[in-house]
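Asks: Following this message is one structure expressed as structure tokens.
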Amino acid sequence: MSVLESLKWRYATKSFDKSKKIKKEDLEKIKEAVRLSATSYGLQLFKVLIIENDQTREELKPFSYNQTQITDSDILMIFCSNTQVKSSDIDDYIKLKSETENINIENLKGYADFMKAKLTSMTPEKTSIWTQKQTYLALSNLLTICGELQIDTCPIEGFESEKYNEVLGLDSKGLYAAVAVSIGYRSEDDKGSNADKVRKTNMQLFETIS
Ligand SMILES: Cc1cc2nc3c(=O)[nH]c(=O)nc-3n(C[C@H](O)[C@H](O)[C@H](O)COP(=O)(O)O)c2cc1C
């Protein structure tokens with residue numbers, strides 16, 4: 001499928017068939033699309049939890065407006081953004097960049113200092129919003145590759161982040177449950193599968209300033 005075809009094919013699936021499992025190699029492709037996602041400065045300040053444990057998913061459901069996608073999809077992933085940007089996050093990135101691109105680390109010091117000055121001085125609120133934004137780009141790539149693989153998904157932000165943080169013990173790890181996604185295969189009776197896309201026209205959505 002072309003990218004546009006897969007964007008037309010995919011939709012936010014509400015009802016999943018839990019008996020249908022995702023192949024291991026497809027899961028690896030999905031993870032790779034997330035890993036390759038662009039992030040601001042390339043820092044990748046998030047972690048993606050893959051929740052396999054059914055009991056944990058049952059625990060999360062009441063904090064997700066009882067949405068059945070939380071428990072019924074084959075896979076539930078939760079994108080957790082870092083609550084802080086630490087100097088060590090930037091040092092780790094600079095080390096990786098130096099090794100990957102074969103650049104002397106001394107030559108990256110100015111860039112590291114610039115990032116540290118800019119990013120470690122943000123207020124906690126601003127930091128949290130900024131790191132959460134990064135997860136949405138990765139989520140978007142995940143939705144697109146799943147469309148290409150004809151795997152169904154439902155992006156989910158209808159949940160109480162603080163409760164998720166509690167259940168998953170995220171606070172102590174410096175993480176925040178930003179957005180989730182259910183991944184699997186639609187059940188035969190899922191009503192959305194034949195629905196037309198509800199979208200604004202290009203006229204409404206775009207404005208050319210010439
Ligand atoms: C960030 C984000 C969060 C969403 N949260 C939910 C959710 O909690 N529950 C749900 O059923 N759908 C959720 N959706 C699905 C949207 O309602 C859906 O993508 C939108 O109506 C467009 O329809 P389509 O994806 O089927 O084309 C979410 C979508 C996005 C992008």
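Every number in this text was worked out from the coordinates using simple rules, so none of it is lab data. Model, not experiment: these values are computed from the prediction. Don't worry about glycine lacking a Cβ; one is built from the backbone with ideal geometry, like all the others, and counts go over all protein chains shown.
Asks: Using a Förster distance of 45 Å, how high is the FRET efficiency between Val3 and Glu106, based on the Cβ-Cβ distance and rounded to 0.05?
Replies: With R0 = 45 Å, the Cβ-Cβ based efficiency is 0.65.
Asks: Using a 7 Å offset from Cα along Cα-Cβ at Asn202, what residues in region 1-17 end up with backbone N under 19 Å from the label point?
Replies: Residues 2-9 fall inside that zone.
Asks: Over the chain, what number does the Rg to Rh ratio reach, with both radii from the alpha-carbon atoms and Rh per Kirkwood?
Replies: 1.01
Asks: Which of the lysines could be linked to Lys173 by a straight reach, that is with a Cα gap under 25 Å, when you skip same-chain ones fewer than 8 residues away?
Replies: Lys31, Lys47, Lys61, Lys86, Lys95, Lys97, Lys116, Lys118, Lys126, Lys133, Lys163
Asks: Work through the residues other than Gly42 whose Cβ is under 13 Å from its Cβ and net out their charges, Lys, Arg +1 and Asp, Glu -1.
Replies: 0
Asks: For region 1-61, run through the trypsin sites (Lys or Arg not before Pro) and keep only the ones in DSSP coil with at most 16 other Cβ atoms within 10 Å of their Cβ.
Replies: Here the sparse-neighbourhood loop sites are Lys18, Lys20, Lys21, Lys23.
Asks: Right, next: Could you tell me which of rounded, prolate or oblate describes region 165-210, using a ≥ b ≥ c as the square roots of the eigenvalues of the alpha-carbon gyration tensor, with rounded for a/c under 1.5 and, failing that, prolate when a/b is larger than b/c and oblate otherwise?
Replies: oblate
Asks: Further, regarding this structure: Taking R0 as 35 Å, what's the FRET efficiency between Met122 and Thr144 from their Cβ-Cβ distance, rounded to 0.05?
Replies: It comes out at approximately 0.75.
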